[in-house]
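First comes the structure, then the notes that go with it.
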Amino acid sequence: MVLGDGRTMVSLIIALVAVVAVLMLATVIVVSRGHARASRRQVDGRRDAGLSDPGSRGAVREAGVGSAGSSGVGLAEAPGPQGATEVTAGGVELPSEPPSIRDRLGAARRMFASYAGLMLARGSISVDTWQELEEALVRADVGLKTTRELLAGLREQVAGGSISTPADLIAALEVQMSSTLHRHASGAPLSFEPGCTNVWLFVGVNGVGKTTTIGKVATREVANGRQVVIAAGDTFRAAATDQLELWAKRCNAGFVRGVQGGDPSAVIFDAVQHAGAQGNHLVLADTAGRLHTKSNLMEELKKIRRVAERPPGKVTEVLLVVDATTGQNGLAQAREFAEAIGVTGVVLTKLDGTAKGGIVVAIQEELGIPVKLVGLGEGPADLVQFDPEGFVGAILH
Ligand SMILES: Nc1nc2c(ncn2[C@@H]2O[C@H](COP(=O)(O)OP(=O)(O)O)[C@@H](O)[C@H]2O)c(=O)[nH]1
Ligand SMILES: [Mg+2]
């Protein structure tokens, strides 16, 4: 090449520009093919899972996926805002000192104490003692069937001579109630399996506290260093999704939502697939408490469960949320959900309210489902692991 030759220089520049343009064009083609392949894979996955085409239910949005830097608790890096995905970050709210069941069950304890006072004043076990004990247990929501079973066990001990005073009777009741709760592994931690995307499904009728419980569980799990994605599977009520999004933002969990009235299974499928792709550990899936008919709801829940099991998802908990203030009605709900979809544990909420608590014993004795968590208020820290001894002690003395 001869330097200073103007025409040669111009040709060289034109050639260089042409090469750069060809390279850029090739890159654009490769990237757009990659995107097309990825979205085809997701649509195929949905179709395999028996879900509707995303176009028919609106795009899934995502908010509140935090970055590791913003929280310091090791959350996955947020994906870039592409397509219909929307990403926002929030601050983690660590739970303060958890409340104690003992403090919040004051009303139940006072009620039982007034009966115990009557029994102990008498000095010996009489017909009245048995009547008072039965009344106390039924009023505490233990339920007639479970109360009678507990009393039958105590009568045997009295007949055998191992119990002779009202004080012994109350002590034996405590042992019997605790052993009932232990028999069904109550208070066991929630199941979590490494190496897959754990899905914890929250089911239960409207108003029991599913959404609030998910918020509390997400707060706790994020604070413990887990990467959490919340799936707004209650597409039936728009307010439920907004309420959940707020919780997700507050604790810096990922959040996947669908359109109102959309297919809940599709939302949960997308959340699981997204969580898997991000290497996240845990999906907390909200569900509707009521659809047009009850059988619709149960069928929908079965479908959600099937879809959530698709790799890398694995349903490791199906938690039935029961409002403790609904008393024996909660037992009937538990029976229905357990029969339809299988329930691995109960979250008993509102034990801080007017609840008497005995429903815990009834649920376990009659259905054999362990109570795993207890809701003691509306705040993010108002959730505790169920502790059988602490619970029985909080009611009886
Ligand atoms: N006192 C009290 N209120 C609760 C508890 N859990 C939930 N709630 C309240 O119960 C109401 C219904 O809760 P929500 O989570 O929307 O129920 P969902 O319909 O099952 O999702 C809300 O006002 C919650 O603040 C709890 O443990 N204690
Ligand atoms: Mg809800």
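The values are calculated or read from the model by the stated rules, or taken from the named source; none is laboratory data. All of these numbers come straight from a predicted model, not from anything done at the bench. Here Cβ is always computed from backbone atoms with ideal geometry, including for glycine, and neighbour counts include all displayed protein chains.
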| task | Working only within segment 270-292, note down all residues that are among the polar types (S, T, N, Q) and away from ligand 2 (no atom under 16 Å from the Cβ). | result | GLN273, GLN278, ASN280
| said: Give me the residue from segment 141-156 that is farther than 16 Å from SER179 by Cβ and among the charged types (D, E, K, R) and, out of that set, surrounded by the most Cβ atoms within 10 Å (Cβ to Cβ). | reply: ASP141
| request: Working only within segment 257-274, note down all residues that are of a type in the set (Val, Ile, Thr) and closer than 17 Å to TRP200 by Cβ. | output: VAL267, ILE268, VAL272
| remark: Flagged in segment 187-236 as among the aliphatic types (A, V, I, L, M), within 26 Å of THR325 (Cα to Cα) and not in a strand (DSSP E or B), in numbering order, are ALA188, LEU190, VAL205, VAL208, ILE214, VAL217, ALA218, ALA232
| request: Identify, from the list VAL347, VAL392, VAL384, the residue that is under 16 Å from MET111 (Cβ atoms) and either touching a residue at least 60 places away in the same chain (Cβ under 8 Å) or within 16 Å of ligand 1 (Cβ to nearest atom) (or both). | output: VAL392
| query | Tally time: how many residues in segment 205-242 are of a type in the set (D, E, K, R), without any contact (Cβ under 8 Å) to a residue 60 or more places away in the chain and more than 10 Å from ligand 2 (Cβ to nearest atom)? | reply | 2
| message | So LEU284 passes all but one of these: (1) within 14 Å of ligand 1 (Cβ to nearest atom); (2) surrounded by fewer than 24 Cβ atoms within 10 Å (Cβ to Cβ). Which condition number does it fail? | response | (2)
| Given ALA218, ALA231, ALA185, ALA240, which one is more than 13 Å from ligand 1 (Cβ to nearest atom), of a type in the set (A, V, I, L, M, F, W, C) and at negative phi? | ALA231
| message | within 16 Å of ligand 2 (Cβ to nearest atom), part of a helix (DSSP H, G or I) and buried (at least 24 other Cβ atoms within 10 Å of the Cβ): is that true of VAL267 in this structure? | response | yes
| Within segment 351-397, how many residues turn out to be more than 23 Å from ALA332 (Cα to Cα) and among the hydroxyl-bearing types (Ser, Thr, Tyr)? | 0
| query | Can you find even one residue in segment 360-369 that is on the phi > 0 side of the Ramachandran plot, more than 16 Å from ligand 2 (Cβ to nearest atom), modelled with pLDDT under 90 and touching an Asp or Glu at 6+ places or on another chain (Cβ under 8 Å)? | reply | no
| Is it the case that some residue within segment 221-234 is touching a Cys at 6+ places or on another chain (Cβ under 9 Å), surrounded by fewer than 24 Cβ atoms within 10 Å (Cβ to Cβ) and small (Gly, Ala, Ser)? | yes
| query | Residues of segment 302-330 being crowded, with 22+ Cβ neighbours inside 10 Å, over 20 Å from LEU383 (Cα atoms) and away from ligand 2 (no atom under 16 Å from the Cβ), which ones? | reply | VAL307, ALA308, GLY313, VAL315
| task | State whether one or more residues within segment 198-207 are at pLDDT 95 or above, in contact with a Gly (Cβ under 6 Å, 6 or more places away or on another chain) and buried (at least 18 other Cβ atoms within 10 Å of the Cβ). | result | yes
| remark: Restricting segment 170-186 to residues that are at pLDDT below 90 and buried (at least 21 other Cβ atoms within 10 Å of the Cβ), the one nearest to ligand 2 (Cβ to nearest atom) turns out to be SER186
| note | The residue from LYS372, LYS356 that alone is outside any helix (DSSP H, G or I), modelled with pLDDT of 90 or more and among the basic types (Lys, Arg) is LYS372
| Pair list, Cβ under 7 Å, 6 or more apart: segment 243-260 residue over 15 Å from LEU282 (Cβ atoms) and touching a residue at least 60 places away in the same chain (Cβ under 8 Å), other residue within 14 Å of ligand 2 (Cβ to nearest atom) and part of a helix (DSSP H, G or I) | ARG257/THR241; ARG257/GLU245; ARG257/VAL267; GLY258/VAL267
| query | Taking segment 250-264 as the region of interest, how many residues are within 16 Å of ligand 1 (Cβ to nearest atom) and either surrounded by fewer than 20 Cβ atoms within 10 Å (Cβ to Cβ) or in a helix (DSSP H, G or I) (or both)? | reply | 4
| note | Exactly one of GLU317, GLU366, GLU339 is of a type in the set (Asp, Glu) and out of contact with any Leu (no Cβ under 7 Å at 6 or more places or on another chain), and that residue is GLU339
| message | Looking at segment 101-126 only, could you name the residues that are buried (at least 19 other Cβ atoms within 10 Å of the Cβ) and not in a helix (DSSP H, G or I)? | response | LEU105, ILE125
